[in-house]
Structure formats: structure tokens, C-alpha cells
Amino acid sequence: MYKLTVSIVLYNNPITMLKKAIESVLNTSLNIKLYLIDNSPTDTRRTLSLMDNRIEYLHNPSNPGFGTAHNIALRKSISEGTTYHLVLNPDVYFNAGVLEEIVEYMNSHPDVGLLMPKVLYPNGEIQYIAKLLPTPWDLFARRFIRVKSYLEKINRRYSLTFFDYSSIIEIPFISGCFMFIRTDTLKKIGSFDEHFFMYLEDADLSRRIGAVAKTVLYPHVHIYHEYERGAHKNSRLLWIFIHSVFIYFNKYGWFFDSYRKKINQQTLEQLSQELYQ
């Protein structure tokens, strides 16, 4: 029985990037298994599995999408009785000891179902990717409006840029770049919704986990994320993003979503209390 399983979904990623992520994961004393789910057209990255016998490589050339590919590993994790599962982006890396500290925290906080650490850019600046549950206007404004002052106002609320990531706090939307999940929680709510090809599947999973357990930012350890915002640079990815937006809001409601309103308000109130303590 593994204490922790990890899945990384690949798609034509640079080998040097992937090795940094893999080495970060495997540099641990935990009983661990790493699944590389490769959605690339060819299996040239299969050689990565030779780095360590704790790696299992699975080629998935039909490319069913981010969440669907991770679900392959999530189902294996649940069936094998693993305690925790980490959904990890291929452009993330971190220092030794991060996984051990997170496991220790999760072990002592059984009410936590999902955790993310502090996320930094490679230059050490904070990435504000712990968010409120999105409204249609949040997503539209961040993608299409170019007025800097207005974007800063949107991000101050939605991306919580007024918070300094100094304390443990419940956050309703945990980024898919690093989702540390208690597998017992997944047994209650299921895994990624496979209607999403890419984008907002992490918001959906965070929301469903948050309905039965705590979803927290744990800032006492940090990771590095080489964040590129592909939907802002590639027209195909933009249309995939827009399609995911329709799936998400058709599922939960566009303008009338009482759960979103309640949870976001609770989060803002909690953060305000933290700031003034």
C-alpha cells in the first residue's frame, strides 16, 4: 500500500522540464508511486520511466484531456488503497521535504480533503492562483479586458491578491498545478468531471471536495510553477477555455448560484479577519 501516489499528465513537454518535476517527486522518503500519463501522439517520453522503478508510464495518444488522463491514475490510487494522491503539473518543481511536511499536516488534520502549498514563480514572486469560485464576469474580464486598474480590482477580489499567503486559510478554488488530495474524500465525491477537456476541471473538483471537506492553502512550504497562461497565447486553447466556461456555468449556474455566493463571502470574511489580527 502506497502512502502517496502522484500523477503527471504529459503532452509534448520538454524532457528537461519533466525531469525537474519527476526528480522533485521522487526525492522523498515516503512510500510513493508516480504515474506518467502521456497524452502525446508518440511515446518517445517512455524512457523517463527508466529513471526510477517507482515510475509507471502509460501512453494515452487519443489525448482525452487533462482531467480524464489524471482519472486513470486516480482510479488506480483509490483501488490500491493509497492514503493521498497528488495531481501535479509537469512545469512544477520543489525542494526535498515538501511532500513529507504536507503529509504530516494532512495526517493531523483529517477534516482537510484538498491542499495546495504556496506557489511561486521561478524568480520567487507569489503566484496568486488560490481563488474564489469564479463568476462569469471574473473569467470574462480577466481574459478580455485590458484596463490595468480594472484588472487589478478584479484580481484583488477573485485572485485574492490582497492576501500575503502568510497563514493557513480555507480557499474554495485550488489550482490544478498542485492538488494534494485525500483519497477517502474522492471516494465520496468522485474524481475529475470528464466533460471538461482542459480548464476549470480544477475549479469543479475543488468545489465538490469543498462541499464535504476543507480545501486549504498551506503556505508553510512552497513550490515553483513555470506558469505560461496558454489560453492567452493560443487561439485553439482559448476556444477550449471558452468551452469549459460554458460547461462549468451550465453545471452550477451563471448568475444565480447561492452556494458560490455563500462560500466566496465566507472566504473574504475569513481573510479580512486574518489581515486585521
Checklist line | Translational diffusion of region 134-277, µm² s⁻¹ [Kirkwood Rh, Cα pairs; Stokes-Einstein; 25 °C; 0.890 mPa s] | finding: 148 µm²/s
Note to self: Using a Gaussian network model on the chain with a 10 Å cutoff between Cα atoms, which of I174, I22, I240 fluctuates the most?
What the structure shows: I240
Check: Where is the GNM fluctuation largest for the chain (alpha-carbon springs, 10 angstrom cutoff): M106, M116, M179?
Finding: M106
Checklist line | Mean shadow area of the chain, taken as a quarter of the surface of its Cα convex hull (nm²) | finding: 14.3 nm²
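Neighbour counts of other C-beta atoms within 10 Å: give me F163, F249 arranged from fewest to most.
Working: F163 22, F249 17.
So the residues, fewest neighbours to most, are F249, F163.
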Next item on the list: Counting other Cβ atoms within 10 Å, keep those with at most 16, restrict to DSSP loop, and tell me which GluC sites (Glu not before Pro) in region 176-260 are left.
Entry: E194, E226, E228
Next item on the list: Enumerate the aspartates and glutamates that K153 could reach by cross-link, defined here as Cα to Cα under 18 Å, with residues fewer than 8 away along the same chain left out.
Entry: D138, D164, E269
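Would you mind telling me the antiparallel percentage of the DSSP bridges in region 4-275, rounded to 5? Don't jump to the answer; show the numbers that get you there.
Values: 13 of 38 bridges.
The antiparallel proportion sits near 35 percent.
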Notebook entry, point to check: So between N31 and Y150, what do we pick up on full extension, going 0.36 nm a residue minus the alpha carbon distance?
Noted result: 38.1 nm
Item checked: Whole-number percent relative contact order across the chain, with pairs defined as alpha carbons under 8 Å at least 6 apart -> 22 percent
Item checked: Rel. contact order, % - alpha carbon contacts under 8 angstrom, at least six apart, region 73-193 -> 46 percent
Next item on the list: Over 26 Å between C-alpha atoms is what I'm after, so list which of K20/K251; K3/K118; K33/K188 land there.
Entry: K20/K251
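Rule-based calculations on the coordinates, nothing more; no lab input. Just so it is clear, the model here is predicted, and its values are computed rather than measured. No Cβ is skipped: glycine too gets one built from the backbone with ideal geometry, and neighbour counts run over all protein chains shown.
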